[in-house]
Amino acid sequence: MRLTDFSMADDPDYGPGDFVRARDLQVNLKLWPLLRRKVEVKRLILHDPVVRIIRNATGEFNFATIGDDSEAGQSKKQSAARDKMDRPGSNKALPAFLLSLVDVSGGAIRYIDRGDGTDLQVRQVDLQIEALDSDRPFSITLAAAVYDDRQNLRVAGKFGPLPASGDWSAMALDGTADIERLDLSRVKAAAPGLRRLLSRNFDLSGLFKIEDLKFRGTPKDLAVSVDLDGTQGTIRYGGSFNKPAGVPLSLSTNGRYTGQKIDITQSLLKLHTLELATAGAIRLGDRMAVNLTLNSRPASLEGWDKLIPGIARYRLKGIMELQAIVSGEVSSANTPQVQGTVTFKNASAQPPDFPKPVENLDTTINFTEQRADIRDMILSLGKSRIRVAASIQKFSPLAFSYKMSTPEIWPADYDSKASLSEERKADIIRDLQSEGQFKMAGDNIVYQGKLASAQGRLFNIAYKGLQGNLSLADKIAHVQSLRVQALSGTVQVQGEYAFKESLPYFAVTSKIDGIDIKELYAALDPKAERDIEGRLNADMKLSGAGNSWDEIKPRLRGQGEAEIVQGVIYDFNIAESAITGITGIPGLTNNLNPSLRKKYPETFAAKDTEFKDLKTLVDIADGRINLRNLRMAAAEFVVTGNGW
């Protein structure tokens, strides 16, 4: 039997058009079975068939009512189908049939889902089915063009026999498949519903290729091996990962799917410079869990800034290698345990605020369950060689402790201020040691640590015995104690800096013992003239708020007391200045009684004013420094006063 320009009309409820049409339909029947009143099709040949499958918004297909035009008949068929689905064990055996050959050439299939907007089309369909028997396996060969100008999909294999019970998950499968180039951008545009299968932040597009896909078993117990190439595809996950087209990506895997479990016998992922071998198992279902072994070859860190935007500013270089076992449940409440190592060799990074890169980083990070330990990490920062040890107690929320030491570190190597003076470039911190604990919970960072430096030079001031205890919590930084020997004296500081609000606040308490004012002058301005010297003692409290000096100045408050002992005010005679200030006539001390001038030479004849101590109370408010109870005591006089 042969029909030309064959067509079968679609259900009018699904719109005008044909359900199927073909340029040529041939059906060859076997003769001897006909004599026994049994129909056996020898060949079914279709040339240029076009099949249109439509699923409406309620989930019903257009082919469900084919062969029964009556409304009652359609309703009865649908009701019977639902009853059959709802009654366990009610499936009847498939009727026996035999079809020696199905040959389809130049076909096209269009699938429309009016529920989610899908409109998928497959063209150039060439299909051969041999020995289609309900009782024995049959072979299928398929080639088709899936959103490509030429055939890019090929499937071949033996399938069946067809399950008599209607349980398709038990049907045997043994075949191969290849997809030469699949444009996921076009597939996504045609099938919007596919996007819901992926995370909202996850996106695939561009060209992907599947080679040498082999499958054997049943849909519920299926062994699979496949090679996938995604070099010309793009993969994005939110703003944290972006693989552009052209970056090498391939995946070769061999495993088995058994319904609730995926066993990975061997898998090799190649992404950019990374080659990662994986084996193990993934448990599916409500309580997803993994037990995977991961091993990588040494991989270059260069170029990963193109894939991970968060590290783009750090210009990573060097070699990384990973060996790990990942096991445990995966959920929002559970993080798998990791045991293994990540090794960095000759690694370097350029922090965006550092003028010099961190270089020569050699270390191994050891992972044990929920912990990670860096026992001995050595790195270079400019002219400094730094040794670090750290322990991560928890990854979520992050909590770790550290110890750091270096024979010397130069602040100019990590201070990004381009206008740093030559004197500041000479700053150095020697024999630095620091240790502390860091925790992160949401937006709150908690830190507690201490540091010590045997000696060094900062802001052109040499120091010894620097010791400090610092903390940070709830966006308030605390200097619990800071003590340093400098300028032949000692400085002690306590304070806090709060930056929770838009206008940051600070409060400082300081104690100064025996600072040499002459050395202080030299440190502040080596070219300035020295008009005073002595030893400074002070106790001060300061507080204020603001982001700049113009904001801080009107809000600055302070009080305390200051004292200079064994001091000298150069080119200043206090008696001369006092008499001149009262009379307005300079030089009157020269007209005093010579015997008086001889009796008090330090008061009336000395060029400079020497004193035993100079004390005052200090108040700072309203942009002004007020001096109260000012008292200067010398061998021959005592002067008191107030001022600002």
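The values are calculated or read from the model by the stated rules, or taken from the named source; none is laboratory data. Keep in mind it's a predicted model, so treat the numbers as computed, not measured. Neighbour counts run over all protein chains shown; Cβ positions are idealised from the backbone, glycine included. For accessibility, only protein heavy atoms count, side chains too; no ligands or nucleic acids. Shrake-Rupley method; radii C 1.70, N 1.55, O 1.52, S 1.80 Å.
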Task: Residues within the range 492-519 that are open to solvent by 60 Å² or more (accessible area, probe 1.4 Å) and small (Gly, Ala, Ser), tallied - done: 1
Open item on the list: If PRO554 meets every condition in (1) modelled with pLDDT of 85 or more; (2) surrounded by fewer than 17 Cβ atoms within 10 Å (Cβ to Cβ); (3) of a type outside the set (D, E, K, R); (4) over 30 Å from SER502 (Cβ atoms) apart from one, which number is that one?
Closed with: (4)
- [ ] Grab the strands (runs of 3 or more DSSP E) fully contained in the range 370-448, keeping just those with 1 or more residues being touching a Gly at 6+ places or on another chain (Cβ under 9 Å), open to solvent by 80 Å² or more (accessible area, probe 1.4 Å) and modelled with pLDDT of 90 or more.
- [x] 398-409, 428-441
Open item on the list: Being surrounded by 15 or more Cβ atoms within 10 Å (Cβ to Cβ), touching a Gly at 6+ places or on another chain (Cβ under 8 Å) and touching a residue at least 24 places away in the same chain (Cβ under 8 Å) is true for just one of ASP113, ASP148. Which residue is that?
Closed with: ASP113
TODO: Go through the range 471-556 and tell me which strands (runs of 3 or more DSSP E), entirely inside it, have 3 or more residues that are under 22 Å from ARG624 (Cβ atoms).
DONE: 505-516, 532-545
Task: Residues that are modelled with pLDDT of 95 or more and of a type in the set (A, V, I, L, M, F, W, C), drawn from the range 147-164 - done: LEU153, VAL155, ALA156
Task: Unique residue being assigned to a strand (DSSP E or B), at pLDDT below 90 and either surrounded by 17 or more Cβ atoms within 10 Å (Cβ to Cβ) or in contact with a Cys (Cβ under 7 Å, 6 or more places away or on another chain) (or both) when the list is VAL338, VAL342 - done: VAL338
Task: Test result for GLY166, among the small types (Gly, Ala, Ser), under 24 Å from LEU46 (Cβ atoms), open to solvent by less than 70 Å² (accessible area, probe 1.4 Å) and more than 31 Å from the chain's Cα centre (by Cα) - done: no
Open item on the list: Against the definition (modelled with pLDDT of 85 or more and either within 28 Å of LYS209 (Cβ to Cβ) or touching a strand residue (DSSP E or B) at 6+ places or on another chain (Cβ under 8 Å) (or both)), how does ILE109 come out, yes or no?
Closed with: yes
Open item on the list: Let me confirm something: among SER225, SER205, which residue is out of contact with any Asp or Glu (no Cβ under 8 Å at 6 or more places or on another chain), buried (at least 16 other Cβ atoms within 10 Å of the Cβ), outside any helix (DSSP H, G or I) and of a type outside the set (D, E, K, R)?
Closed with: SER205
Open item on the list: I need the full set of residues from the range 41-61 which are charged (D, E, K, R) and either modelled with pLDDT of 85 or more or buried (at least 18 other Cβ atoms within 10 Å of the Cβ) (or both), in order please.
Closed with: ASP48, ARG52, ARG55, GLU60
Task: Hits in the range 314-335 - residues which are open to solvent by 50 Å² or more (accessible area, probe 1.4 Å) and over 17 Å from LEU361 (Cβ atoms) - done: GLN323, ILE325, GLU329, VAL330, SER331, SER332, ALA333, ASN334, THR335
TODO: Could you check LYS356 against (1) assigned to a strand (DSSP E or B); (2) open to solvent by 40 Å² or more (accessible area, probe 1.4 Å) and say which number it fails?
DONE: (1)
TODO: Filter the range 1-16 for residues that are surrounded by 14 or more Cβ atoms within 10 Å (Cβ to Cβ) and without any contact (Cβ under 8 Å) to a residue 40 or more places away in the chain and give the result.
DONE: PHE6, SER7
Task: Complete set of residues in the range 457-491 that are on the phi > 0 side of the Ramachandran plot and open to solvent by less than 60 Å² (accessible area, probe 1.4 Å) - done: ASN460, GLY465, LEU487
- [ ] Can you work out which of the residues in the range 99-156 that are of a type in the set (Lys, Arg) and assigned to a strand (DSSP E or B) is farthest from ALA22 (Cα to Cα)?
- [x] ARG136
TODO: Among the residues of the range 238-275, write down those that are part of a strand (DSSP E or B), farther than 29 Å from PRO219 by Cβ and of a type outside the set (Lys, Arg).
DONE: PHE241, ASN242, LEU271, LEU274, GLU275
TODO: Scan (1) within 23 Å of GLU529 (Cβ to Cβ); (2) at pLDDT below 75; (3) of a type in the set (Gly, Ala, Ser) for the single condition GLY567 breaks and write down its number.
DONE: (2)
Task: Every residue from the range 520-551 that is open to solvent by 40 Å² or more (accessible area, probe 1.4 Å) and hydroxyl-bearing (Ser, Thr, Tyr) - done: TYR521, SER548
TODO: List the number of the failed condition for GLN260; all other conditions in (1) open to solvent by 40 Å² or more (accessible area, probe 1.4 Å); (2) touching a Leu at 6+ places or on another chain (Cβ under 7 Å); (3) within 29 Å of ASP305 (Cβ to Cβ) hold.
DONE: (3)
Task: Members of the range 263-295 that are of a type in the set (Val, Ile, Thr), in contact with a Gly (Cβ under 8 Å, 6 or more places away or on another chain) and without any contact (Cβ under 8 Å) to a residue 24 or more places away in the chain - done: THR265
- [ ] Taking PHE215 as the residue in question, decide whether it is touching a residue at least 40 places away in the same chain (Cβ under 8 Å), part of a strand (DSSP E or B) and of a type in the set (A, V, I, L, M, F, W, C).
- [x] yes
